[in-house]
1. Please give the net charge around residue 11, taking every other residue with its beta carbon less than 14 angstrom from that of residue 11, where Lys and Arg add +1 and Asp and Glu add -1.
2. What is the extension gain from residue 114 to residue 149, computed as 0.36 nm multiplied by their sequence separation minus the C-alpha to C-alpha distance, in nm to one decimal?
3. Which shape class, rounded, prolate or oblate, goes with region 120-198 when its Cα gyration tensor gives a ≥ b ≥ c as root eigenvalues, a/c under 1.5 marks rounded, and past that a/b bigger than b/c marks prolate?
4. Place a +1 charge on the Cβ of each Lys and Arg in the chain and a -1 charge on the Cβ of each Asp and Glu, then give the dipole magnitude about the Cα centre in debye, rounded to the nearest 20.
5. In Å², what does the accessible area per residue of region 57-198 work out to with a 1.4 Å probe?
6. What relative contact order, as a whole-number percentage, does region 1-120 give when Cα pairs under 8 Å and 6 or more residues apart are counted?
7. Going Cα to Cα from residue 60, which lysines come in below 19 Å? Please leave out same-chain ones fewer than 8 positions away.
8. Please give the calculated 222 nm ellipticity per residue for the chain, where each DSSP H segment of at least 4 residues contributes -39500 (n - 2.57) and the sum is spread over every residue; nearest 500 deg cm²/dmol?
Amino acid sequence: MSTAPALGRRDRKKLATRAALSAAALRLVAEHGLDNVTVEQISEACDVSSRTFFNYFASKDEALLGGDTEIGHALELFRSLPASTSLVEAMRLAFIPVIHQMEDHRETVALRMRVVSENPQLLPRLLATSVESEMAVAAAVADRLGLPADDPFPAVAAAVTGAAFRVALMRWANEDPSAGPATLAKLVDAAFDMVASGLAEPTTAGGDA
């Protein structure tokens, strides 16, 4: 498989700062409760100003759940890939930096799931973020393929690949790290391969040909 373009130093630094703020927000909320944590406390935990916090997130809830920066960067990579790259492969490559970021911060991903499960009032925001991301992916797919905005294919492609990514993420998050689990990248690759195959039914040992 191809590899995604490497991130520059500035982008890596921005991603690291964003990840640190998100991790601090999750840690503080897990310890003190959603209503007892402020943006100022999150900023102080990372030794940055509140103004810096708002350069990355619009609100405390967005810091907890993640906003549109990750999807925005992924779509920049998606648009930069050659037209000769297949659609599914281009989408896989575009998310490699996000995948690596998650792998580097596995505890944060697990903590986010815990915080959301303990604070169901975050679910509407999480759903809204997911819908916004899916719509952005669909628009980028339409641009890449030269399709009109009302064509159903981009929306279906965004929904299917988004579901494949979520399945891989849940499998990875629920595995025991001490058991030497597959990396998130490999699980995403496997899920996207299923999509690229047209969801061809897997063969089983000893099964019918």
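The values are calculated or read from the model by the stated rules, or taken from the named source; none is laboratory data. Keep in mind the model is a prediction, meaning the values are calculated, not measured. All Cβ positions, even for glycine, are placed from backbone atoms using ideal geometry, and neighbour counts span all protein chains on display. Just so you know, the surface numbers come from the protein's heavy atoms only, side chains and all, with ligands and any DNA or RNA stripped out. Shrake-Rupley method; radii C 1.70, N 1.55, O 1.52, S 1.80 Å.
1. +4
2. Numbers: separation 35, 0.36 × 35 = 12.60 nm, distance 3.70 nm.
Separation in residues times 0.36 nm, less the Cα-Cα distance, equals 8.9 nm.
3. oblate
4. Computed charge dipole of the chain: roughly 560 debye.
5. With the other protein chains kept in place, region 57-198 gives 51 Å² per residue.
6. Working: 74 pairs, mean separation 37.2, N = 120.
Once normalised by length, the contact order is 31 percent.
7. Excluding near neighbours in sequence, the set is 14.
8. That comes out to -22000 deg cm²/dmol.
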